[in-house]
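Remarks on the structure that follows.
The values are calculated or read from the model by the stated rules, or taken from the named source; none is laboratory data. In this text the structure is predicted, and so the values were computed from the model without any measurement. Neighbour counts run over all protein chains shown; Cβ positions are idealised from the backbone, glycine included. Surface areas here come from the heavy atoms of the whole protein model, side chains and all, with no ligands, DNA or RNA. Shrake-Rupley method; radii C 1.70, N 1.55, O 1.52, S 1.80 Å.
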Amino acid sequence: MSKLYLNKPQLDAELFKCLNCASKPCMTACPVNCSPQEFIQHAKAGEYENAVKSICKNNPMGHTCGLICPDTFCMKACLRSKIDHPINIPLVQATLISKHRQDMTDIDKAPDNGKKVAIIGAGPAGMAAAWVLVKLGYAVKLFEKTDKVGGALNLIPDYRLPYE
């Protein structure tokens, strides 16, 4: 695992800092309405598949967001900061997806509906749309005029968001 992610002891330490706030200030502060409290509770219980599903249900770009989202949203709202330090929610999110997404079986994917969709542009919006449509049973073909997918994500330095 690269330096971008938490190792197991670091991840566990961050997970167990969560106060399980009923008011979910971290979710209220999130621009994509992700619920860190929810995915952290799943991960604490060892339910990694449910943690990843929780992250991705409102945000198909959850891994990318975990790597590049600034700490000015959920971490700033984290009530743990009143005790010591806020949970590093974006890094927890990226680590969970990086470690556990490949182990998931996609049981939420609808059966093939026989319809095809073409998406022009393989930037963040095109990739997110493709992800949602595939989950709904569509056959999707992405068209990109350049030789690299990712669009504006390619402007982010590799040390923050590796191309692979």
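Exposure check, 1.4 Å probe, all protein chains in place: residue 14 carries approximately 30 Å² of accessible surface. Among 120, 68, the sequence by solvent-accessible area, most first, with a 1.4 Å probe is 120, 68. Taking the square roots of 5 times each eigenvalue of the Cα gyration tensor of the stretch 66-141, largest first, gives ellipsoid semi-axes of 34, 15, 10 Å.
For the set 39, 73, the ranking by accessible area, highest first and with no ligand, DNA or RNA atoms included, is 73, 39 under a 1.4 Å probe. Annotation: for a label point projected 7 angstrom from Cα along Cα→Cβ of residue 82, residues of the stretch 14-53 with backbone N closer than 13 Å are 19-26. The residues packed around residue 140, meaning those with a beta-carbon under 14 Å from its beta-carbon, carry a net charge of +3 if Lys and Arg are +1 and Asp and Glu are -1. The apolar share of the surface of the stretch 124-164, taken as the fraction of accessible area on carbon and sulfur atoms (1.4 Å probe, ligands and nucleic acids excluded), comes to 64 percent.
Accessible area of residue 156 (1.4 Å probe, protein heavy atoms only, ligands and nucleic acids ignored): about 40 Å². Other residues whose C-beta falls under 12 angstrom from the C-beta of residue 38 contribute a net charge of +3, scoring Lys and Arg +1 and Asp and Glu -1. The residues of the stretch 1-112 have, on average, 52 Å² of accessible surface per residue, using a 1.4 Å probe with all protein chains present. Using only Cα coordinates, the Kirkwood hydrodynamic radius of the stretch 1-153 works out to 16.6 Å. Distances between every pair of Cα atoms in the stretch 1-69, grouped in 5 Å steps from 0 to the bin holding the largest one, split as 3, 16, 25, 29, 21, 5, 0 percent. Short-range pairs are left out: with C-alpha atoms under 8 Å and at least six residues apart, the relative contact order of the stretch 33-125 is 27 percent.
Sorting 80, 101 by solvent-accessible area of protein heavy atoms yields 101, 80, largest first, with a 1.4 Å probe. What are the lysines whose alpha-carbon lies under 28 Å from the alpha-carbon of residue 99, with same-chain residues fewer than 8 places away excluded? Straight-line reach from residue 99, under 28 Å: 3, 8, 17, 24, 44, 53, 57, 76, 109, 135, 141, 148.
Relative contact order of the chain, taken over Cα pairs closer than 8 Å and 6 or more residues apart, is 20 percent.
Note on residue 108: accessible area is roughly 90 Å² with a 1.4 Å probe, heavy atoms of protein only.
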